[in-house]
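The structure appears right after this line, and notes come after that.
Read the figures in this text as sums done on the coordinates, not as results from a lab. Computed from a predicted structure; not experimentally measured. With ideal geometry, Cβ positions are generated from the backbone for all residues, glycine too; neighbour counts draw on all protein chains shown.
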Amino acid sequence: MTNLKNCCAPAFAGSLATLALAAADARAAAPKKPSESLRPNIVVIMTDQQTAGAMSSAGNPYVRTPAMDALAADGVRFTRAYCPYPLSGPCRASLITGRMPSEVGATDNAVRPRDEDMRQGIGHRIAAAGYECLYAGKWHVPEVNLPAEGTGFRGIAKMHDPTLADACDEALAAYDGQKPLFLVASLLDPHEICEYGRFETLQYGELNPFETADCPNLPANFMPSTYESEALRLEHDASPRYHDTYSYTQDDWRRYLYAYYRLVERVDREIGRLVEVLKRRGIYDDAAIILLSDHGDGVAAHGWNQKWALFEEVVNVPLVVKSPRGRGLAGERNDEALSSVGLDLYATVCDYAGVALDTARYRGRSLRPVAEGRQRTLHDEVFVETLLSGAGIRGWSIIEGRYKYVLYQWGRNREQLYDLERDRGEMVNLAVDRRYAPELKRLRRKMHAWAVRTGDKPLIRNTAPFAAE
């Protein structure tokens, strides 16, 4: 009798092999889920007007931010991250285009970046790389909400913090995973401090009553610095609607700080809800998640509220990068890597998406190597620019590891030099001290070289005499 099992074995084995190869080919041909790909999902979470110190993980005893702290515990918190421009519209123009606001012509809130730069905006770039690009919340480039076309993103929610997480949940429920995901979730708060300072109605509900005795004490740098730039007080006096603290008592300032930190906690709760959505939808673990703010707030330092000025509290912003699972550091604090968030966010997202950039045009550097532990530093220095629009005075700053140089276009004491290692509160202006003349001259020349590289004509004119020093 013929052994049927032995007779059929070669043919049966061949059939299995053919089926296995066919299955393997089918798997290879099928679109890869982002978790199986070298290109991860990318999520950017942005707050508005949050100073870097407004996180409990930054050691601030007056605020509790468990959601932000949890992201920091899963990634790297950069303590030396700076906005390119301390005002929402220009900074967001930089975040979208990867260039300085003055380079793209967006130097005030109502000014639109040039069409050429918008066509190369981050939404277009990442969409062209094959990503599903979704945008939720505040846009402000310069429209408050995302325009219907021309950005590369598909809008899934208008600006409204209380419903942003729900809108993202609904969009992710319909996301099929055939393309990797690029999601920007942009929140308004703690920007409501602007309305609070003007005694206006808050957009998302009034704060619970509180007593002055419950409020933070005033910061150690509450008073003006020595040889403070006259430009700052000219701006303060010229813009009473925005610098509406001219009649503030010290108790009013303490209440301002209390309100500010409650608004930070308000936005932290929404970030927590969003993170829960990402986890429930299976996005969180394998995604690159970047948390940042567009600029800070004066938080009573030097008696300043709002933005525009080049004080540390205004230009130093929160920045956290959480790598995809297993690919980066967790629970790290980096005090060395200087970052310009506008330029570097663009470069970082492109890096994760596998998009190569022209380094002559884009001076940002990817945060990814630092987040993954392959390097500790980033830029040698970063530059910040501003316009004190009420007084019509432009200003610029260069920040290195230790020294910070500030130049305003006109007014008494228009130059400032601070030693950030010894004087983080910027209370002693060293620009008037002959002992620091070498540092002052060196930074002046660096500022002029930057002006030439970026084609900033007002800055070139203001720094040209320094080039010959």
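Numbers at a glance
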item: Peptides 296-305, 174-183, 357-366 ordered by average Cβ neighbours within 10 Å, highest first; result: 296-305, 174-183, 357-366
item: Note, ³J(HN,Hα) from phi for the range 226-237, Karplus 6.51, -1.76, 1.60, rounded to Hz, x at Gly and Pro; result: 5, 6, 5, 5, 4, 4, 5, 6, 4, 5, 4, 6
item: Spin-label zone in the range 247-289 - amide nitrogen under 17 Å from a point set 7 Å from the Cα of residue 200 along the C-beta vector; result: 260, 263
item: Pairwise label distance in nanometres, residue 457 with residue 145, each label 7 Å out on the Cα-Cβ vector; result: 3.8 nm
item: The range 386-467: radius of gyration over Cα atoms, expressed as a fraction of 2.2 N^0.38 Å; result: 1.07
item: Length gained when the stretch residue 372-residue 237 is fully extended (0.36 nm per residue, less Cα-Cα span); result: 43.9 nm
item: Degrees, to the nearest 10: 437-454 long Cα axis against longest axis of the chain; result: 50 degrees
item: 5 angstrom amide H check on residue 325, placed H, neighbours 5+ away; result: 286, 287
item: Percent of beta bridges antiparallel (DSSP, the chain, rounded to nearest 5); result: 50 percent
item: Calculated from backbone phi, Karplus (6.51, -1.76, 1.60) coupling profile of the range 184-197 in Hz, x at Gly/Pro; result: 10, 10, 10, 9, 7, 6, x, 4, 4, 4, 4, 5, 4, x
item: Gain on full stretching of the segment that runs from residue 128 to residue 333 - 0.36 nm per residue minus C-alpha separation; result: 70.4 nm
item: Pairs of lysine residues in the chain - Cα separation under 12 Å, sequence separation of 8 or more or cross-chain; result: 4
item: Long-range HN-HN contacts of residue 379 with modeled amide H, under 5 Å; result: 338
item: Rounded to whole Hz, the Karplus (6.51, -1.76, 1.60) HN-Hα couplings of the range 156-163, x for glycine and proline; result: 10, 6, 7, 5, 6, 3, x, 10
item: Cα-projected label distance for residue 433 with residue 252, points at 7 Å along beta-carbon direction, nm; result: 3.4 nm
item: Centre separation in Å (Cα based) which lies between the range 223-239 and the range 397-423; result: 14 Å
item: Most to least packed among 376-383, 184-191 [average Cβ atoms within 10 Å]; result: 184-191, 376-383
item: Virtual spin-label span in nm between residue 410 and residue 424, 7 Å along Cα→Cβ; result: 3.7 nm
item: Value of [θ]222 nm, deg cm²/dmol, for the chain, DSSP H segments ≥ 4, -39500 (n - 2.57) each, nearest 500; result: -11000 deg cm²/dmol
item: Cα-centre dipole for the range 37-379 with unit charges at Cβ (Lys and Arg positive, Asp and Glu negative), debye to 20; result: 1160 debye
item: Distant-in-sequence amide H partners of residue 393 (H built 1.01 Å from N, under 5 Å); result: 388
item: Burial ranking of peptide ranges 423-434, 345-356, 41-52, 457-468 (average Cβ count within 10 Å, highest at the top); result: 41-52, 345-356, 423-434, 457-468
